[in-house]
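Following: one structure in structure tokens, then a few remarks.
Read the figures in this text as sums done on the coordinates, not as results from a lab. Only a predicted model underlies this, so the values are computations on that prediction, with no experimental measurement involved. Glycine also receives a Cβ, built like all others from the backbone with ideal geometry; neighbour counts cover every protein chain displayed.
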Amino acid sequence: MSKKLVIVCLINFLIAALMGVLLRYSFVGQSFFNYRFLTHAHSHIAMLGWVYLILYVLIVHYFVPEKKPIYNKLFWVTQFAVVGMMLSFPFQGYAAISISFSTLHIFCSYYFVYLIWKQHKAQSVATQYLLKASLIFMLLSTGGVWCLGPAVSMLGRMSAFYNIAIQFFLHFQFNGWFLIAVLAIFFHLLGIQYSKQFQIFFKLLMVSTVLTMALPIYWFAPYKILLVINGVGVCLQLLVLFLFLKLIKPYQFRLLQSNNKLTVYLYNFVIFCLILKLGLQLVSLNPEFSETLYQHRNLIIGFIHLTMLGIVTGFLFSFILQSRLVIYNMVLKFGIASFVSGFILTELLLMIQGIMFYLGKGLMSNYYLFLFLSSILLPLGIAMLILNIYRKSKIST
């Protein structure tokens, strides 16, 4: 695995995390930027500069036996698009330049799917199914992006069509492309083979991923049938989680034997976050809670960060630790502990404040200050991981 490419991805993540800290600072100090524009930059760099590109690196490393030069060239073209978004979104939001770079990124992703589909080699049918499913969901998610232009021109940015298109993109990026791709890599590393149990797991995962799209649609098109569809999807995901735990159980000893304790602890933390995510989805089956959920932004951001930072990034960090890119020393332990602590503290603050708003209790004392201070731990942890990989690279040289 290329150290240089992994470090580039982590630097993108560091910049996105620093943008997040600035967003939190705007509530405790004097703001010198456009909050909405920086929010767009933060989300795009985190999703497309960090998760997309590190998945690109990992998928090519694990599933493409013949590393042709096109993969390296395509990576840097995609990174060029990320830098373009990094420099344009904070100053203009969605406008000609930022949209052009976003469009370039989408076309790069289409070419990536084409290359991987043709040239990938998987050790088992199970990982092949998961990998292909993740790529299909990535393609599907971009349908929401292509709907944004017509939605704005016909109905405006406040329309249900426009908002559903955004939710369509986000849902299938997070729960389709990102989540299923990290599962494909995880199953590959464990060596899980195709079986009847996996077949049921896979089918239920596909169906539940599609059905749970009903809840974000409901926020903008409040038809009761959508809550029923979401309820079926969440119940199926309960079965998916049960089957997932059964599938990985026989491989626990291999996981313990072949990895450092820090990596094993991180994997356990990720699985805990998966269980917590499903628990929150079960709570959303309450019709009253579902109807008011979208009105409480803290809960929405908390849930997005649970998926993005706790599960997806947790898996990605575990994969990096499992590689030979790091030195297991105090810098690494401090970095992971800092990131996980920052994640836990910010999640607790977001969730507690969201529940307080829901119950009509108002704002907790020093909420924004605590949120800002806790957020600093996230980029600190990422910086420590970058430093560790860089030092390992220097030592190896």
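Counting every other Cβ atom within 10 Å of each residue's Cβ, CYS9, CYS147, CYS108 order from fewest to most as CYS147, CYS108, CYS9. Partner lysines whose Cα lies under 25 Å from the Cα of LYS118, excluding those fewer than 8 positions away in the same chain, are identified as LYS67, LYS68, LYS73, LYS132, LYS203.
Within the chain, which is the longest segment containing none of the trypsin sites (Lys or Arg not before Pro) that sit in a DSSP loop and have at most 13 other Cβ atoms within 10 Å?
Numbers: sites that count: LYS67, LYS121, ARG157, ARG324, LYS361.
Here the longest segment lacking exposed loop sites spans 158-323.
Between the C-alpha center of segment 273-337 and that of segment 66-132 there is a gap of 23 Å.
Can you pull out the chymotrypsin sites (Phe, Trp or Tyr not before Pro) in segment 215-253 that DSSP calls coil and that have at most 10 other Cβ atoms within 10 Å? Before the final figure, lay out each step's value.
On the way: sites: TYR218, TRP219, PHE220, TYR223, PHE242, PHE244, TYR251, PHE253; in loops: TRP219, PHE220, TYR223.
Those that pass, being in a loop and sparsely packed, number zero.
Mean projected area of the Cα convex hull of segment 261-397, taken over all directions, amounts to 8.7 nm².
Ratio of segment 27-180's C-alpha Rg to 2.2 N^0.38 Å, to two decimals?
Numbers: Rg = 16.9 Å, N = 154, 2.2 N^0.38 = 14.9 Å.
Ratio of Rg to 2.2 N^0.38 Å for segment 27-180: 1.13.
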